[in-house]
Amino acid sequence: MSSEEEFETVEISDCEWSSGKTLIEHLLFMYENQLGVDFEITVVSGDNKQKTFKCHKLIVRRLTPNFLANLNEPGDASRSLSIENLDPDIFAEILRFAYTEKLNVEDIQDVLAVYEFANLYKMDVVKRQCYKLFLVKMNNNNVWDILTFMEKQPPDVDLERCLSSFLSTSGTCFLNAPKFLNCSLKVLEFILSQEELLVAEGDLAESVIRWAKHKHPELTPEKSKELLGPCLGKIRFLCMTSSEFCEVVALSGLLLQEDCFSILINIVSGNQAMPLPDYICKLATPRMSLEYMELDTDSSTPSSEKQQESPKFSPKVEPSAAPVETNPTAEVESKKAESTSKKPDFLLVRRAADPKCEPKIFSVIKEQGLIEVNIEVSKTVGIKGVRITSQLTPAECEPGNYEEDMYVKLLMTVANKKKSQCAYMAFTQNAPNGQNKHFDVMFKKPFSLEANKEYILQLVFRKPGTYMFHTRPSSISVDGCQVKFKVDGSKKTTHGADPIEALFFKFN
């Protein structure tokens, strides 16, 4: 094709260009008015719906390296491209994103279609926008569409992280959705593999039994092994109370009676007095269990700098880990009953990393590193602790654990810009290293953040090493409370990025 036939040449001076417009606004104006377009893309859907888009080669180039072959070919071959099996309306949104950096897709099915195309053509910048939309639009019904979709896609750690983030705060609602009973074994295994779920293990076991009986109403131990396979070994029966286990599991046909007896003995004794078969999970740590503590607005600073006890939540334990021994006392049993019979008293409020911003490297060499994050809440909430990014794995080492050495201070700004210390906790324990790893620092007493007052979370890192910090949203809204964050972007050390991945809050 010739440029005279296919692409209209328009003088820029003939168009109305308003002063003060941004570069993005100018690019969008050129696209919408077809000014200087030099490339066309024909998109054909599976039902032969077809549309041709005329656009700018330079803009298309930034979407993906997969188009470079067409863009770099000599002559007319470099001026066109054909894409099949895609709804033209979906591509229209992707192309518009290339000009505006905004993805305006409302329906979750359309988001999945955009993600699938972006994944196929390695459009990482589009995929990052899809992750943000998943986090915003995911609910207890459509999460099953995303889980089913994930099952058919190549492994994607970021997509799994989005799903895990939702599941960790959803409670039992998503398990009560009608689509749960029709989910696949692989999806069920993904759910049972989660370390953080606001679901009592008894409720989780009951849901698994419902799923199995939906497939085979007359459930027997032999049939449950056939239906559930590896899922059966991911149910933490030892985290249930004796009454929960008897009411939910013992008479359900899920397990052999002798295995039920062994599990029950171990639950009551608390010290795994009876050996368990290989297919039974040996873990006795709840997926997420925060010890209840009354809010104290007059929290005093602990006298000791060392954190003498583990954080008040269950440590992450891989399913293949060795059995965790428990103290067979009435107190431990009581705490276990509390943790499995109700939701944790402190919610994990996550701060998603901004996919548009590159992570920043923060190094601690000889002197300690200081990071300050200002925080302000619109209504009074209790803060129990923070989740912090771990060090990266050193180049010469395999991923594992390292001895972290840091402390967290919670300060309040008072008169004359002076700072008053509200809470303090040092963390000198083992922590996992590597990308996407973290550790939790929990104050000995929760502190009540008053509405519309400025507080400062001061983090001081004393362990030499390298961290990867992310830029995060300046505000989040949860349970009707607006939480604002501010990081000094002028500091060359972090450029506005920070290591706080989440906070443990209690809402009154």
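Based on Cα atoms of the range 347-507, Rg over Rh with Rh as the Kirkwood radius reads 0.95.
Spread over its residues, the convex hull of the C-alpha atoms of the range 234-285 is 70 Å³ per residue.
Once Rh for the range 189-278 is found with the Kirkwood sum over Cα pairs, what is the Stokes-Einstein diffusion coefficient at 10 °C and 1.306 mPa s, in µm²/s?
Details: Rh = 13.3 Å.
Answer from the Stokes-Einstein relation: 119 µm²/s.
Fewest-first ordering of L370, L192, L256 by other beta carbons within 10 Å of each residue's beta carbon gives L370, L256, L192. Its Cα gyration tensor gives the range 204-253 an equivalent ellipsoid. The semi-axes, each the square root of 5 times an eigenvalue, are 18, 12, 9 Å from largest down. With a Förster radius of 22 Å applied to the C-beta separation of N85 and K54, the computed FRET efficiency comes to 0.55.
Expressed as a rounded percentage, what relative contact order does the range 347-507 have, with Cα pairs under 8 Å and six or more residues apart? In percent, rounded to a whole number, it is 43.
Exposure proxy for L228, L163: other Cβ atoms within 10 Å of each Cβ, ordered fewest to most, give L163, L228.
In this structure, the pairs whose alpha-carbon distance is over 25 Å, taken from K132/K486; K137/K453; K51/K152, are K137/K453; K51/K152. Taking the number of Cβ atoms within 10 Å of each Cβ as an exposure proxy, the fewest-first ranking of I59, I146 is I59, I146. Estimated at 0.36 nm per residue, the fully extended path between Q368 and T172 surpasses their Cα-Cα distance by 66.2 nm.
We did not get these values from a lab; they are worked out from the coordinates using the rules stated. As the structure is a prediction and not an experimental result, all values here were calculated from the model. Backbone-built Cβ (ideal geometry, glycine too); neighbour counts: all protein chains shown.
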